[in-house]
1. Which of (1) outside any loop (DSSP other than H, G, I, E, B); (2) of a type in the set (Ser, Thr, Tyr); (3) over 14 Å from the mean Cα position of the chain (by Cα) does Thr137 not meet, given it meets every other one?
2. Within region 122-139, can you find the residues that are within 14 Å of Ala162 (Cβ to Cβ) and either without any contact (Cβ under 8 Å) to a residue 24 or more places away in the chain or of a type in the set (Val, Ile, Thr) (or both)?
3. Does Asp139 satisfy being of a type in the set (Asp, Glu), loosely packed, with under 15 Cβ neighbours inside 10 Å and within 19 Å of Ser95 (Cα to Cα)?
4. Among (1) farther than 20 Å from Tyr154 by Cα; (2) over 16 Å from the mean Cα position of the chain (by Cα), there is one condition Gln86 misses while meeting the rest; what is its number?
5. Does Lys117 fit the bill of being of a type outside the set (A, V, I, L, M), on the phi < 0 side of the Ramachandran plot and in contact with a strand residue (DSSP E or B) (Cβ under 8 Å, 6 or more places away or on another chain)?
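A short reminder: the numbers here are calculations on the coordinates, not readings from a lab. For clarity, every value in this text was computed on a predicted model and none was experimentally measured. Cβ: placed from backbone, ideal geometry, glycine included. Neighbour counts: every protein chain shown.
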Amino acid sequence: MKRLWSIAKWFLIAWGAICLFGAVGVVGLVAFKLGPGNTESAQTASRQDIRYVLNWCNLGDERIEEVINSYVSARSFTGDHLDAHQIRIAHVDLSELVPDEFGKGWTRCDKVDGVLKDAIHFVQGWLHRDDISWFLTEDELRSQDVFVYPWSIYCHGTRPTAVELIFVRPKDKMVFFISSKV
């Protein structure tokens, strides 16, 4: 009988620990989903918030004149999101929009191929959302008037599942940034 009580006691302790960890996990998940740091925001980005975009592509944040549009979605538990910005800059010269010696850098959108072409196709899947109706159109993403700078492209196999791309339309000095993950 003592042995049976000992087994039952350890079983109940283990069951209590499992329930405690489960409860903490559920409370954590609810806090993550409903917490103040995980909300959608539109039109709230400032110059300071988005200066990394121009620094990543070596144009420099001192060119920022105005953040025209901005959208930052809430994050899912696995990090799925959509962030996009439209920025007016003071100047951009076509001589700056060239690839570098490592094969990255700027590429004219009508000349993209390989993984970069797939990444732009991935971005096109997001363009039908009302949240970013101000973003470049599908035709513009394939035009000679727009250049793209791939900051990061994450793939599962050869299919992009997350991208951070910077687009420049020199004729009106506009920069568009998109970061998305599914």
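1. Of everything listed in (1) outside any loop (DSSP other than H, G, I, E, B); (2) of a type in the set (Ser, Thr, Tyr); (3) over 14 Å from the mean Cα position of the chain (by Cα), Thr137 misses just condition (1).
2. Just the residues of region 122-139 that are within 14 Å of Ala162 (Cβ to Cβ), to begin with: 122-123, 125-126.
Answer for region 122-139, where residues must be within 14 Å of Ala162 (Cβ to Cβ) and either without any contact (Cβ under 8 Å) to a residue 24 or more places away in the chain or of a type in the set (Val, Ile, Thr) (or both): Val123, Gly125.
3. No: the conditions fail for Asp139.
4. The one condition Gln86 does not meet is (2).
5. When the stated conditions are applied, Lys117 does not pass them.
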